[in-house]
Amino acid sequence: MTVCRLSGDAQPRLQGRETMIELRKVSKSFETRGRSVKALDTINLSVREHEFVALVGPSGCGKSTVLNMLAGLMDPSAGEVTYRGERVSGANRRVGYMTQKDTLLPWRTVEDNIRIALELRCRSSEAGERGARLREIIDLVGLNGFEKHYPSEISGGMRKRAALARMLIYEPETLLLDEPFGALDAQLKIIMQRELLRITRVRNMTVVFVTHDLAEAVTLADRVCVFSGRPGRIRAEREVLAAEPRDVVGMRFTPEFGALAEDLWNELKDDVGKELTT
Ligand SMILES: Nc1ncnc2c1ncn2[C@@H]1O[C@H](COP(=O)(O)OP(=O)(O)OP(=O)(O)O)[C@@H](O)[C@H]1O
Ligand SMILES: [Mg+2]
């Protein structure tokens, strides 16, 4: 695989790490309205412990479908999906999943939206312990002072932070994030990217991150996988080596960053827009 070094002092971060997630020859078709749609065609993908992998590709190429299978919400039509060497079947409790349409419950405060995840996942934990976890997580995502606000009373970025907190509170070892910052403005996006990197590094998390934004993929990921148009296949992969901690703003202004983003665009461009005409 092509390795792209974004700065001279960048060191490999994942040497010796075990495989966490594996898709082996995975295909997925859907039957709807008497028609069969092949969403994914013979995908091979493996993700190591603590790795941050970004999936990019045109609309409809099966990115969300990959996350749904990793979360155990749907089975592949062919091939195998494994997590820590075991076949995924039924809900995968080790992952936190922020779906593309993730929403907070509008009638609950920020605090209660986060608490509900803890109550659903960890029935056994004591009320006192839950309270401590809640405060810790609110602190981690920087929502102090907004605990009692309703979703309609906070900004888009804060809502994303609350959704992130709701997922982080039960301490999943792996995060599946489907375009989590897609609707945010450019500045807020940068703040959220910085926060996400900080939190996932502190907690040694493994991340599979879907985005349409190539710059975002290069900024965050150890590896970027480019999907072809439907049926989705992985048509290119690039490993990204960058100095740690990543400077999510500064790294964009280097020639290496621009060259990699352009290289990814060249892999992607022929398939973009095709879904509108087929
Ligand atoms: N539950 C489902 N039932 C029927 N078809 C589905 C289902 N989920 C996905 N599909 C189809 O599979 C294909 C891939 O969908 P998917 O949502 O994975 O794409 P995507 O890459 O996430 O697209 P986008 O970037 O627009 O979110 C699409 O043609 C979609 O219509
Ligand atoms: Mg999607």
On the given criteria, is residue 26 away from ligand 1 (no atom under 12 Å from the Cβ), farther than 16 Å from residue 224 by Cβ and either modelled with pLDDT under 95 or touching a Pro at 6+ places or on another chain (Cβ under 6 Å) (or both)?
yes
Residues of segment 147-167 that turn out to be at pLDDT 85 or above and part of a helix (DSSP H, G or I), as a count
13
Of all residues being among the charged types (D, E, K, R) and in contact with a strand residue (DSSP E or B) (Cβ under 8 Å, 6 or more places away or on another chain) in segment 32-62, which is farthest from ligand 2 (Cβ to nearest atom)? Just the residue, please.
49
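Matching residues to (1) over 22 Å from residue 99 (Cβ atoms); (2) modelled with pLDDT of 95 or more; (3) of a type in the set (Asp, Glu):
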position	(1), (2), (3)
174	no, yes, no
187	yes, no, no
190	yes, no, no
194	yes, no, no
199	no, no, no
212	no, no, no
222	yes, yes, yes
227	no, yes, no
257	yes, yes, no
Going through 110, 88, 141 one at a time, which residue ends up being touching a strand residue (DSSP E or B) at 6+ places or on another chain (Cβ under 7 Å) and either hydrophobic (A, V, I, L, M, F, W, C) or surrounded by 12 or more Cβ atoms within 10 Å (Cβ to Cβ) (or both)?
88
State yes or no: is residue 65 polar (S, T, N, Q) and either away from ligand 1 (no atom under 16 Å from the Cβ) or surrounded by 15 or more Cβ atoms within 10 Å (Cβ to Cβ) (or both)?
yes
Answer with yes or no whether residue 239 is on the phi < 0 side of the Ramachandran plot and within 19 Å of the chain's Cα centre (by Cα).
yes
Name the residue, out of 98, 69, that is at pLDDT 95 or above and within 16 Å of ligand 2 (Cβ to nearest atom).
69
Write out, first by first residue and then by second, each pair whose Cβ atoms fall under 7 Å of each other, whose residues are 6+ apart or on separate chains, and whose first residue, in segment 89-100, is within 13 Å of ligand 1 (Cβ to nearest atom) while the second is not hydrophobic (A, V, I, L, M, F, W, C).
99/178; 100/64; 100/178; 100/179
Could you give me the residue pairs with C-beta distances under 7 Å whose first residue belongs to segment 151-163 and is without any contact (Cβ under 8 Å) to a residue 40 or more places away in the chain, whose second residue is crowded, with 18+ Cβ neighbours inside 10 Å and not in a helix (DSSP H, G or I) wherever it lies, and which are 6+ apart or on separate chains?
156/184; 157/184; 160/180; 160/181; 160/184; 161/141; 161/143
Test each condition in (1) touching a Leu at 6+ places or on another chain (Cβ under 8 Å); (2) closer than 25 Å to residue 247 by Cα; (3) more than 15 Å from ligand 1 (Cβ to nearest atom) for residue 54 and report the one that comes out false.
(3)
Consider residue 104 carefully, then state whether it is at pLDDT below 95, part of a loop (DSSP other than H, G, I, E, B), more than 16 Å from ligand 1 (Cβ to nearest atom) and over 15 Å from the mean Cα position of the chain (by Cα).
yes
Filter segment 164-198 for residues that are within 17 Å of residue 216 (Cβ to Cβ) and among the small types (Gly, Ala, Ser); the one that is surrounded by the fewest Cβ atoms within 10 Å (Cβ to Cβ) is 186
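The values are calculated or read from the model by the stated rules, or taken from the named source; none is laboratory data. These numbers come from a predicted model, not from an experiment. Counting neighbours? That spans all protein chains shown, and the Cβs are built from the backbone with ideal geometry, glycine included.
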